[in-house]
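Structure, as structure tokens:
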Amino acid sequence: MTDTILEVDGLSVDIATPRGTLHAVRDISFSVRRGETLCLVGESGCGKSMTSLAIMDLLPKAAKRNARRLAFAGQDLSKASKRQINALRGNRMAMIFQEPMTALNPAYTIGNQLIEAYRQHKNASEAEARERAIFLLSKVGIASAAERLGQYPHQLSGGLRQRVMIAMALMCGPELLIADEPTTALDVTIQAQILRLLADLQRELGIAMLLITHDLGIVARIADRVAVMYAGQIVEEGPTASLFQSPKHPYTQGLIDCIPVPGRTVPGGRLGVIPGVVPSLVGDIRGCSFRDRCSRTQPICSQAPPVYETPDGQRWRCILEDAA
Ligand SMILES: Nc1ncnc2c1ncn2[C@@H]1O[C@H](COP(=O)(O)OP(=O)(O)OP(=O)(O)O)[C@@H](O)[C@H]1O
Ligand SMILES: [Mg+2]
């Protein structure tokens, strides 16, 4: 059995817009190993959500996915049928969204929603499914779990709804969990609790996790590896400690700002603010996409940047071979 649960090679997402084709994700490649947490970070609009939706085959209609290879547990998703995808999604790979109400149906009780998906995927009895739902609701910190089963989503607070969604994602025992900014709709103290809960569950259950978050403190604490996206590309990727201690790409350096040390960055710490704006994603971007905002731009940056790699797997796309 392979050690890699998710393999993304040459993934692109193109969106048809009235202004032309918007290249939201531009030929990105990365992988997630079993049991590890990969954090995907980057400014708003750089293609993080499109990346996760492309993997789950949940892109909006206007968006088109292309990949040399997109494999889950060795199975190529780009060649899989709708039926095969449906059998995987919500079962062996699950997603947690930013806004729980996009995943929870207001018309059904929490219990119904937790139990139905499990019964469908696992061919389990109602009693078994109910027992698992109660077990997982308690596991995500919901008191009187059995009573909660009869409640509707609107009867719960935002924090509780997010916990229910985590329980729902875990129902079928997924091998991969994709969480796209799972806490930004919540207030700051609850955000930290939920992210800590996710990290604990991930470790305890040995699930691989692709986590999209703006919280660098959380990234420093829970990520095994980090991938940094800019304008639809991954501009740097590497083991968390290396990336925080010696970010190579000027964009990563800008995000990390004061270069926090894992474990010392405060929870809720935000990405650094870099002056300037992300270039338009409509049409091609020639040369380095960050060069208009970079303090170290040189004439050569108008050419496609090379990719450098250290022996421990830190990789970046920049003409600068050495960090500042
Ligand atoms: N339905 C759509 N139609 C047209 N363009 C879209 C659509 N959805 C997203 N985009 C564009 O695709 C690009 C990538 O969007 P995406 O949602 O992946 O960004 P993101 O990194 O998740 O940002 P955020 O941090 O704000 O969630 C953006 O330029 C966005 O404007
Ligand atoms: Mg997003």
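Note on segment 138-242: no enclosed helices (runs of 4 or more DSSP H) hold 3 or more residues that are more than 16 Å from ligand 1 (Cβ to nearest atom), free of Cβ contacts under 8 Å to residues at least 24 places away in the same chain and touching a strand residue (DSSP E or B) at 6+ places or on another chain (Cβ under 9 Å).
Taking into account only those residues within segment 140-157 that are out of contact with any Ser or Thr (no Cβ under 8 Å at 6 or more places or on another chain) and of a type in the set (Gly, Ala, Ser), which is surrounded by the most Cβ atoms within 10 Å (Cβ to Cβ)?
Gly141
The set of residues from segment 54-89 being among the hydrophobic types (A, V, I, L, M, F, W, C) and touching a residue at least 40 places away in the same chain (Cβ under 8 Å) comprises Ala54, Ile55, Met56, Leu59, Ala62, Ala63, Ala67, Leu70, Ala71, Phe72, Ala73. When the residues of segment 217-266 are filtered to those that are farther than 27 Å from Arg34 by Cβ and hydrophobic (A, V, I, L, M, F, W, C), the one that is modelled with the lowest pLDDT is Ile259.
Criterion applied to Arg83, Arg65 was being in a helix (DSSP H, G or I), open to solvent by 50 Å² or more (accessible area, probe 1.4 Å) and closer than 30 Å to Leu11 by Cβ, and the one residue passing it is Arg83.
Listed by first and then second residue, the pairs with beta-carbon distance under 6 Å, at least 6 apart or on different chains, first residue in segment 90-111 and in contact (Cβ under 8 Å) with a residue 12 or more places away in the chain and among the hydrophobic types (A, V, I, L, M, F, W, C), second in a loop (DSSP other than H, G, I, E, B) and buried (at least 21 other Cβ atoms within 10 Å of the Cβ), are Met93/Pro174; Ala94/Pro174; Ile96/Pro182; Ala103/Phe97. Kindly indicate the residue of segment 35-61 that is surrounded by fewer than 19 Cβ atoms within 10 Å (Cβ to Cβ) and on the phi > 0 side of the Ramachandran plot and also nearest to ligand 2 (Cβ to nearest atom) among those meeting that condition. In this case the residue turns out to be Gly45.
Entry remark, segment 5-28: residues being in contact (Cβ under 8 Å) with a residue 12 or more places away in the chain, more than 9 Å from ligand 1 (Cβ to nearest atom) and surrounded by fewer than 16 Cβ atoms within 10 Å (Cβ to Cβ) number 6 in total. Looking at Leu160, Leu177, Leu211, Leu186, just one residue is open to solvent by 20 Å² or more (accessible area, probe 1.4 Å), within 24 Å of Ser44 (Cβ to Cβ) and either among the hydrophobic types (A, V, I, L, M, F, W, C) or modelled with pLDDT of 95 or more (or both), and that residue is Leu186.
So which residues in segment 94-120 are open to solvent by 60 Å² or more (accessible area, probe 1.4 Å) and either in a helix (DSSP H, G or I) or among the acidic types (Asp, Glu) (or both), if there are any at all? Those that are open to solvent by 60 Å² or more (accessible area, probe 1.4 Å) and either in a helix (DSSP H, G or I) or among the acidic types (Asp, Glu) (or both): Glu99, Met101, Thr102, Asn112, Glu116, Arg119, Gln120.
The values are calculated or read from the model by the stated rules, or taken from the named source; none is laboratory data. None of these values were measured; they are calculated from a predicted model. Cβ: placed from backbone, ideal geometry, glycine included. Neighbour counts: every protein chain shown. Ligands, DNA and RNA are stripped out before the accessible areas are found, and what is left, the full protein with its side chains, is counted by its heavy atoms. Shrake-Rupley method; radii C 1.70, N 1.55, O 1.52, S 1.80 Å.
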